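K.L.:
The structure is given below, and queries will be raised subsequently.
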2 protein chains.
Amino acid sequence: MEQIKILLDENEIPKQWYNIQADLPTPPKPYLHPATKEPVKAEDMAPVFPMELIKQEMSTERWIPIPEEVRDVYRLWRPTPLYRAKRLEEKLNTPAKIYYKWEGVSPPGSHKPNTAVAQAYYNMKEGVERLATETGAGQWGSALAFGTCLFDLDCTIYMVKISYEQKPYRRILMEIWGAEVFPSPTKRTNVGKKILEKDPECTGSLGIAISEATEDAVTHEGTKYSLGSVLNHVLLHQTVEGLELKKQFEQIDVYPDYMFGCVGGGSNFAGQCFPFVGDKLKGENPDLQVISCEPTACPTLTKGIYAYDYGDTAMLQPIALMYTLGHDFVPPPIHAGGLRYHGDAPLLCKLTYEGYMGAVAYHQNPVFEAATLFAQTEGFVVAPETAHCVKAAIDEARRCKETGEEKIIFFANSGHGHFDLAAYDAYHNGKLVDYEYPIDLVKQSLEKLPKI
Amino acid sequence: MEQIKILLDENEIPKQWYNIQADLPTPPKPYLHPATKEPVKAEDMAPVFPMELIKQEMSTERWIPIPEEVRDVYRLWRPTPLYRAKRLEEKLNTPAKIYYKWEGVSPPGSHKPNTAVAQAYYNMKEGVERLATETGAGQWGSALAFGTCLFDLDCTIYMVKISYEQKPYRRILMEIWGAEVFPSPTKRTNVGKKILEKDPECTGSLGIAISEATEDAVTHEGTKYSLGSVLNHVLLHQTVEGLELKKQFEQIDVYPDYMFGCVGGGSNFAGQCFPFVGDKLKGENPDLQVISCEPTACPTLTKGIYAYDYGDTAMLQPIALMYTLGHDFVPPPIHAGGLRYHGDAPLLCKLTYEGYMGAVAYHQNPVFEAATLFAQTEGFVVAPETAHCVKAAIDEARRCKETGEEKIIFFANSGHGHFDLAAYDAYHNGKLVDYEYPIDLVKQSLEKLPKI
């Protein structure tokens, strides 16, 4: 019987992360300071991040060593299995071969701990005692709670109030790992206090929570801030996925024709595909298609513009060159909360702008239809975010059925949906709305781009 | 670095289940018919179960082949990893070595699909079109929904109404896999109708749900019933765990001194330990301690009596010789719903009665304290049921610290707690009650044992 799980041994966990900055034809444009609009320097970031992460953010070294202490924690769930989706292929009756790498086996249930553990480690090494961060539905917060717990750091999480109240499960998960979690806006910060004075009933937003966490970090000795996506060092840490994937494909002598991944901030898909995009940059696999999958309701890469914009609504974060729908844009309330970001990782955007990567966008209902078909054939119930690239993979496999092509299709199965089952329930009961691309909102929002 | 995950390749999934009945010094006492009190014959079970499962129930063959179609599904998550709990050991500063086998990687998140898949397969082979079953909080129901989905059977699940209403997540999971789920009592059965006539507000019980599922099966052509624990064939299917475990221990040249597992009906722990208890029966490892872990609130093995009793409250199921607290006993509402059964698997009970296995009981709070320590060191958040044997393993490791013994401690990590986080929340907020052994209730209940 042909193998369906391609496993690696613990000692094959990569010893270095891959930094795609070393292989870019032209260097990425610098971040700009939100106030001065001058290029951000290392010392500007020092109040917020530890030096080692700032170095990684700006590094052009191709290989960055993964500390043994980080690899030691990775061993709790890594290397993650690469699956051949045989049952799905049979159901689709496609000549294509479908593969997925399953990150849902990590204790927090997604790819997020790949960077959370690394960030906690570097902060610990530099004497930081506490990390502050924000979280929406709680994917990132739970990953950072897990990471800080293992390196004996305290962890303070500003969780968007409406999620704190409506989705208690990930909050409880964070608390099991020892984090303190506050519904944002809080009275712990000046930002929060001001907002609550104006609107005591404010249910919060990711933008507000980011501002609170940042303020907490810069106003407390021994505290730093931590971000779960978008930044170069976060993408770097996630390449542990793609480097494992390369070994796994080599083991079975396969190279993908298509790679699909969902993109919210972009760190997971970047982590999976950058080692392969690196090959593309060297001209080694010109035919490989690398496609980001996003929601029609927040179509950053497919409908946004490539421009300098603020990373956050509050305009406190650096300005970055990226695809954006405008920092003011608030997407419709789709269930894939992790894909509701107005921008995307600058490195991924640059590679998309230059044609090395593509993008597609989907409505909610077909996305959940695909995820349900996947669950009914392969068993695993994936996160609503992940479901976007399941949809892409299934569409491509169906196309191959029409043409008879035996293509190799890969998708990045970034996490389980155990805390998102209400979304599946809404789908089954016909209650999911397929929001059209909110073009007027985006136009309004794009008018507020900073003038650079 | 010493390995912490001991993995097996897919082709090492066992090809046969181990039937401990072949190695018992004396044969087990037969089930008795609930009405006639005569030994149950194969034909008595035929309206309820397919012939192959009835044969397995009564078989004394040592090895029963695992069909290739079942092994093929097992490959989606099996072999499951055996972990060395290095971080937990370091935290406890114990010379003991702690190992656990992690069944939480299965799509439904527990050991239950090991038998659900097999049962669905045999029913499909014999032309059954639909399976009916009961479920409490939904562990078993979700596993059977998964199993039937993969073999294209319909699945009807009677879910205890209070759980259906209070715990929608596992209900949604069952529906994703295509099952129809009804809050029991329903108007679909005579049993249900009678109960609702008397008490329209009845919130249901596992006993009622069993009665409804059984009635559904015997009154519909092409429908059979399926049980998730207790019976010999269920324990048999679960030995796939223990046989893998033996290979994994052999691979690192280790043999356990202690084996701990939580016991509700007993199938998971039987599955892990029977291949080792089989060695014990042959006198090969007299010093191995095999200990069932149960709640103080429902202490079947530690405080029950060894007697013939009905398998269910409604006295419709066969009478079996087992440890029991009386079929009428309703345990206090502890969070480990899967451990709230008045009896235990007859085979496990017999081996306990004859001294090959032991048992301990714990209160809720120390159990969740242990599970939290485990989560904070090893990462994984385990089910409340599983937490009982985590407690036992930690206690033993602490004892080893006192004595300096380098014992090998194993516990059966049977599933994740992703749908049970409210219980952890209650623990953290000091809201868990440590129910005393309800001795008066048990005394009353034991007065109603059948006279055999």
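K.L.:
Does at least one position in the stretch B:160-183 carry a residue that is within 23 Å of B:F329 (Cα to Cα), aromatic (F, W, Y) and touching an Asp or Glu at 6+ places or on another chain (Cβ under 7 Å)?
P.N.:
No.
K.L.:
Considering only residues that are assigned to a loop (DSSP other than H, G, I, E, B) and either in contact (Cβ under 8 Å) with a residue 40 or more places away in the chain or within 23 Å of B:K91 (Cα to Cα) (or both), which ones fall in the stretch B:385-432?
P.N.:
Passing the criteria: B:G404, B:E405, B:E406, B:K407, B:S414, B:G417, B:H418, B:F419, B:D420, B:L432.
K.L.:
Take the stretch B:1-39 and flag every residue that is modelled with pLDDT of 95 or more and of a type in the set (A, V, I, L, M).
P.N.:
Correct list: B:I4, B:I6, B:L7, B:L8, B:I13, B:I20, B:A22, B:L24, B:L32.
K.L.:
Being in the same structural domain as B:K350 (by TED's automatic domain parsing), touching a residue at least 12 places away in the same chain (Cβ under 8 Å) and of a type in the set (A, V, I, L, M) narrows it down to one of B:L53, B:L32, B:L92, so name that one.
P.N.:
After applying the criteria, what remains is B:L92.
K.L.:
Quick one: would you say B:H342 is in contact (Cβ under 8 Å) with a residue 24 or more places away in the chain, under 30 Å from B:K448 (Cβ atoms) and assigned to a helix (DSSP H, G or I)?
P.N.:
No.
K.L.:
Answer yes or no: is there a residue in the stretch A:428-451 that is of a type in the set (S, T, Y) and modelled with pLDDT of 95 or more.
P.N.:
No, the conditions are met nowhere in the stretch A:428-451.
K.L.:
Select from the stretch B:99-156 the residues that are within 14 Å of another protein chain (Cβ to nearest Cβ) and basic (K, R) and list them in ascending order.
P.N.:
B:K112
Conditions tested, residue by residue: (1) touching a helix residue (DSSP H, G or I) at 6+ places or on another chain (Cβ under 8 Å); (2) buried (at least 17 other Cβ atoms within 10 Å of the Cβ); (3) at negative phi.
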| residue | (1), (2), (3) |
| --- | --- |
| A:E12 | yes, no, yes |
| A:P27 | yes, no, yes |
| A:E38 | no, no, yes |
| A:E43 | no, no, yes |
| A:I54 | yes, yes, yes |
| A:E61 | yes, no, yes |
| A:Y74 | yes, yes, yes |
| A:R84 | no, yes, yes |
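K.L.:
Among the residues of the stretch B:181-194, write down those that are more than 14 Å from chain A (Cβ to nearest Cβ) and either touching a helix residue (DSSP H, G or I) at 6+ places or on another chain (Cβ under 6 Å) or over 25 Å from B:L421 (Cα atoms) (or both).
P.N.:
Of everything in the stretch B:181-194, those that are more than 14 Å from chain A (Cβ to nearest Cβ) and either touching a helix residue (DSSP H, G or I) at 6+ places or on another chain (Cβ under 6 Å) or over 25 Å from B:L421 (Cα atoms) (or both) turn out to be B:P183, B:S184, B:P185, B:T186, B:K187, B:R188, B:T189, B:N190, B:V191, B:G192, B:K193, B:K194.
K.L.:
So which residues in the stretch A:1-52 are of a type in the set (A, V, I, L, M) and more than 14 Å from chain B (Cβ to nearest Cβ), if there are any at all?
P.N.:
Scanning the stretch A:1-52 gives A:I20, A:A22, A:L24, A:L32, A:A35, A:V40, A:A42, A:M45, A:A46, A:V48, A:M51.
K.L.:
Of the residues in the stretch B:420-452, how many are in contact with a Leu (Cβ under 8 Å, 6 or more places away or on another chain) and within 12 Å of chain A (Cβ to nearest Cβ)?
P.N.:
3
K.L.:
Suppose we filter A:G266, A:G278, A:G283 for residues that are at positive phi, surrounded by fewer than 24 Cβ atoms within 10 Å (Cβ to Cβ) and not aliphatic (A, V, I, L, M); which single one remains?
P.N.:
Matching residue, one of A:G266, A:G278, A:G283: A:G283.
Residues are listed down the side, and each one gets a yes or a no for (1) away from chain A (no Cβ under 14 Å); (2) within 17 Å of B:M259 (Cα to Cα); (3) under 22 Å from the mean Cα position of the chain (by Cα); (4) surrounded by 24 or more Cβ atoms within 10 Å (Cβ to Cβ):
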| residue | (1), (2), (3), (4) |
| --- | --- |
| B:P366 | yes, no, yes, no |
| B:E378 | no, no, no, yes |
| B:P384 | no, no, yes, yes |
| B:C389 | yes, yes, yes, yes |
| B:K401 | yes, no, no, no |
| B:G404 | yes, no, no, no |
| B:K407 | yes, yes, no, no |
| B:A412 | yes, yes, yes, yes |
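K.L.:
Could I ask something else about it? For the subset of the stretch A:157-180 comprising residues that are surrounded by 23 or more Cβ atoms within 10 Å (Cβ to Cβ) and more than 19 Å from B:F419 (Cα to Cα), which member is nearest to the other protein chains (Cβ to nearest Cβ)?
P.N.:
In this case the residue turns out to be A:A179.
K.L.:
Can you name the number of the only condition in (1) among the hydroxyl-bearing types (S, T, Y); (2) in contact with a Pro (Cβ under 9 Å, 6 or more places away or on another chain); (3) closer than 19 Å to A:R87 by Cα that B:S163 fails?
P.N.:
(3) is the only condition that B:S163 fails.
K.L.:
Among the residues of the stretch A:152-162, is there at least one that is touching a residue at least 12 places away in the same chain (Cβ under 8 Å), among the aromatic types (F, W, Y) and under 23 Å from A:N268 (Cα atoms)?
P.N.:
Yes, the stretch A:152-162 has at least one match.
Rundown of residues vs (1) among the small types (G, A, S); (2) modelled with pLDDT under 95; (3) more than 14 Å from the chain's Cα centre (by Cα); (4) part of a loop (DSSP other than H, G, I, E, B), yes/no style:
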| position | (1), (2), (3), (4) |
| --- | --- |
| B:F260 | no, no, no, no |
| B:G264 | yes, yes, no, yes |
| B:F269 | no, no, no, no |
| B:C273 | no, no, no, no |
| B:V277 | no, no, yes, no |
| B:N285 | no, yes, yes, yes |
| B:S292 | yes, no, no, no |
| B:C298 | no, yes, yes, yes |
| B:L301 | no, no, yes, no |
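One line per residue, one yes/no per condition, for (1) touching a Pro at 6+ places or on another chain (Cβ under 9 Å); (2) outside any loop (DSSP other than H, G, I, E, B); (3) in the same structural domain as B:G264 (by TED's automatic domain parsing); (4) surrounded by 22 or more Cβ atoms within 10 Å (Cβ to Cβ):
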{"position": "B:M315", "(1), (2), (3), (4)": "yes, no, yes, no"}
{"position": "B:P332", "(1), (2), (3), (4)": "yes, no, yes, no"}
{"position": "B:L351", "(1), (2), (3), (4)": "no, yes, yes, yes"}
{"position": "B:V360", "(1), (2), (3), (4)": "no, yes, yes, no"}
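K.L.:
On to the next question. Which residues, taken from the stretch B:67-80, are assigned to a loop (DSSP other than H, G, I, E, B), within 27 Å of A:E10 (Cβ to Cβ) and more than 9 Å from chain A (Cβ to nearest Cβ)?
P.N.:
B:R78, B:P79, B:T80
K.L.:
Another one. Considering only the stretch B:154-187, state which residues are farther than 16 Å from A:T372 by Cβ and over 23 Å from the mean Cα position of the chain (by Cα).
P.N.:
Across the stretch B:154-187, the qualifying residues are B:D154, B:E165, B:P185, B:T186, B:K187.
K.L.:
Name every residue in the stretch B:240-258 that is touching a strand residue (DSSP E or B) at 6+ places or on another chain (Cβ under 9 Å) and outside any helix (DSSP H, G or I), in order of residue number.
P.N.:
Passing the criteria: B:I252, B:V254, B:Y255, B:P256, B:D257, B:Y258.
The values are calculated or read from the model by the stated rules, or taken from the named source; none is laboratory data. Nothing here was measured: the structure is a model prediction, and the numbers come from that model. Please note: Cβ atoms are built from the backbone with ideal geometry, for glycine as well, and neighbour counts cover all protein chains shown.
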